[in-house]
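Sharing a structure below in C-alpha cells format, with a few things to ask.
Each reported figure results from applying straightforward, stated rules to the coordinates on display, with no laboratory input. Every value quoted in this text rests on a predicted model; they were computed, and no experiment measured them. FYI the Cβ positions are ideal-geometry reconstructions off the backbone, even for glycines, and counts take in every protein chain you see.
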Amino acid sequence: MNYIGMAMNKKPTLLIALAMTLIFGLQVHSQQGENKEKIKSLKIAFFTERLGLSSDEAAVFWPMYNAYEAEKEALRDAKWKEVYSRIEAGNYSEQEARNILNRYLELEELEEELDKKFNLELAQKFSATRTLLLFQAEHRFRKRLLSEFRKRSGNEP
C-alpha cells in the first residue's frame, strides 16, 4: 500500500479520535458548569442557614451578594489577564515589570475598596453581627469545599 492509501485508511481513525476529544472536552466543560451550579446551590443553602435569613431578608441579601461576587470575579479576571498571564509570559523589561506591579497594586486596592463597600452596606442593611457571620460562613464553606475536593481527588491530608 502506498503512502496515500495509508493516510486515507488513517483518516477515519483520526476523525474518530478528534470527535471523541471534542465530545470529551464538551462533557468536561458541561460538568464544570454543572459543578459550578451545584456549588452555587450549596453555597446559597449554607449561607442562608448560617445567617438565619428569612425569605424577605434573602430577597435583599442575595442580589447584593451576587452583584458583589460578580464584581469581585471581574477583578480576579482582570488580575489574571493583566498581571499573572504577563508574569507567566516572562521576558519583560524593568519598566514593564513596574507597570505590571502597579496594575497589580491598583487591582488589589479596587478589591479592598469593593470589600469595604460591600461589608459596610451589609452591616447597614442587616447588622455588624450578621456581617461577621458572613465572614465565618464564607470561611467555613471554602474549608468544607476544599475538604470535599481533597476527599474526591484522594489527596486528603
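For segment 110-157, how many residues meet the condition of being surrounded by 15 or more Cβ atoms within 10 Å (Cβ to Cβ), free of Cβ contacts under 8 Å to residues at least 24 places away in the same chain and small (Gly, Ala, Ser)?
1
Which of the residues that make up segment 37-56 are within 22 Å of Leu132 (Cβ to Cβ) and either surrounded by 16 or more Cβ atoms within 10 Å (Cβ to Cβ) or of a type outside the set (Gly, Ala, Ser) (or both)?
Within segment 37-56, the subset within 22 Å of Leu132 (Cβ to Cβ) is 42-54, 56.
Leu42, Lys43, Ile44, Phe46, Phe47, Thr48, Glu49, Arg50, Leu51, Leu53, Asp56 - these are the residues of segment 37-56 that are within 22 Å of Leu132 (Cβ to Cβ) and either surrounded by 16 or more Cβ atoms within 10 Å (Cβ to Cβ) or of a type outside the set (Gly, Ala, Ser) (or both).
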